[in-house]
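Beneath this line is the structure, given in structure tokens, with notes to follow.
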Amino acid sequence: VLFNSVIHALMYTYFCIKTIWPSYQIPAAKYLTKLQITQFLVGIVLSYGIFFRGEDCDSQASRFMLMIMHLYGYGLVALFVAFARKKYGGTAGKGEKKNEQDNNSQSTSEEGSTVNDSHADGDDDDGKQIVEGKKDR
């Protein structure tokens, strides 16, 4: 319960900061996501003992509900892991490098429109001429 309270206090602090200063980048955000995933896994693992206690458990219904809660917990872990991979790139720093590469592969044309540098030679992949960010058909 204490672990859950600490995680939630950190989450609400993060939400407060992002609400007041939306453009402020919080470097610890990815660690907060990792802590949330850890919290879910610890809760699941610690509650497995009930399955092995057999008849000491209150009833079959309570074990069934625990199984439902575990499935819900695994779903949360899957969602948070997918979010972390999408936002942070799966490993520390990888997502930041990917964003830098994406930003570096684009340049701005004279009219202010963005043109991908992969077509900086003026041709698209089909060999058609690109004029001011538009394909010549």
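The slack in the chain from Gln60 to Ala9, taken as 0.36 nm per residue of separation less the alpha-carbon distance, amounts to 14.9 nm.
Summarising the label geometry, the points placed 7 Å from Cα in the beta-carbon direction at Leu71 and Lys86 lie 2.4 nm from one another.
Computed extension length for Val1-Leu41: 13.0 nm, one decimal, from 0.36 nm per residue of separation with the Cα-Cα distance subtracted. Charge tally for Leu32 (other residues, Cβ to Cβ under 12 Å; Lys, Arg +1; Asp, Glu -1): +4. Solvent-accessible surface (1.4 Å probe) assigned to Ser59 amounts to roughly 50 Å². Using a probe of 1.4 angstrom and keeping all protein chains present, the accessible surface of the range 13-67 works out to 73 square angstrom per residue.
The values are calculated or read from the model by the stated rules, or taken from the named source; none is laboratory data. A quick note: this is a predicted structure, and the numbers were derived from the prediction, not measured. Quick reminder, even Gly has a Cβ in these numbers, built from the backbone with ideal geometry, and neighbours come from all protein chains shown. In case anyone asks, the SASA skips ligands and DNA or RNA and just uses the protein heavy atoms, side chains included. Shrake-Rupley method; radii C 1.70, N 1.55, O 1.52, S 1.80 Å.
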